[in-house]
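Q: Encoded as structure tokens, here's the structure I'll be asking about.
The values are calculated or read from the model by the stated rules, or taken from the named source; none is laboratory data. Model, not experiment: these values are computed from the prediction. Cβ: placed from backbone, ideal geometry, glycine included. Neighbour counts: every protein chain shown.
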Amino acid sequence: MSTMESLRASIVDHAHSLFVRGLVSSTAGNISAVLDDGTFLVSPTGCCFGRLKEDELTHMKADGTVLSGPKPTKEYPLHFAFYEVQPDARAILHLHSPWATALSCLNGLDLQNVIPPVTPYLLMRLGPVPMIPYEKPGDLKLVDHIHELAVGRKALMMANHGTLVSGKDVDQAVYNAEELEETARLYMRIRHDDHRLLSADQVQELLNYA
């Protein structure tokens, strides 16, 4: 199996799993990954993760040129902007997962780190997760926000929209997105109760460890 075939298979396998587990629904969400030659595989516009096939992925260049496959998701510029400021990223996943999306709609969040430090695992895996301002889906103003806020970050919350999460490969991008969704779920469940946060020293220790 070639590198491209293997990457296509990995993307589709994870897409199906995300759909079955309810982390993406209908035709929402998109995914991309980098090939060794610097080109990209990107999910096509209007695709359903639950029905995505390997030969339906768009193969394209960083300048937007489509090399093969259908028209890419309209949000591919968001992925490419994230790759530009996060050179370690080799895969990026955009989801409207329910708990993280619900969290993205709340007022009063720390926009530099939207999920308070309730457990160590999100900090160890992703570090702080800032929020980018709302723009309509696909709006290229989002690219400017990503260039500004994603430097040194592995994930972003998108106000009233969802998440944008990177990884060193497709597996890690998915695991990172899962950790973000799970931590959002935990916080949404306990935020109205008397709860304990990790201390500033504990947070710094985790960031140093990560």
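Q: Please determine whether any residue of the stretch 187-202 is touching a Pro at 6+ places or on another chain (Cβ under 9 Å) and closer than 30 Å to LEU35 by Cβ.
A: No, that holds for no residue.
Q: Of the residues SER32, SER25, SER10, which single one is polar (S, T, N, Q), in contact with a Phe, Trp or Tyr (Cβ under 9 Å, 6 or more places away or on another chain), surrounded by 15 or more Cβ atoms within 10 Å (Cβ to Cβ) and outside any strand (DSSP E or B)?
A: SER25
Q: Which residue pairs have Cβ atoms closer than 8 Å, lie 6 or more positions apart in sequence or on different chains, and pair a first residue in the stretch 60-89 that is more than 15 Å from ILE31 (Cβ to Cβ) and among the acidic types (Asp, Glu) with a second residue that is in a loop (DSSP other than H, G, I, E, B) and at pLDDT 95 or above?
A: ASP88/LYS168
Q: Moving to a separate point now. Exactly one of these conditions fails for LEU18: (1) assigned to a loop (DSSP other than H, G, I, E, B); (2) surrounded by 14 or more Cβ atoms within 10 Å (Cβ to Cβ); (3) in contact with a Phe, Trp or Tyr (Cβ under 9 Å, 6 or more places away or on another chain). Give me its number.
A: LEU18 satisfies all of (1) assigned to a loop (DSSP other than H, G, I, E, B); (2) surrounded by 14 or more Cβ atoms within 10 Å (Cβ to Cβ); (3) in contact with a Phe, Trp or Tyr (Cβ under 9 Å, 6 or more places away or on another chain) except (1).
Q: Determine which single condition THR163 fails, assuming it passes every other condition in (1) touching a residue at least 40 places away in the same chain (Cβ under 8 Å); (2) among the polar types (S, T, N, Q); (3) in a helix (DSSP H, G or I).
A: (3)
Q: Follow-up. Out of (1) under 26 Å from VAL12 (Cβ atoms); (2) of a type in the set (D, E, K, R); (3) not in a helix (DSSP H, G or I), what's the single condition that is false for GLU179?
A: The number of the failed condition is (3).
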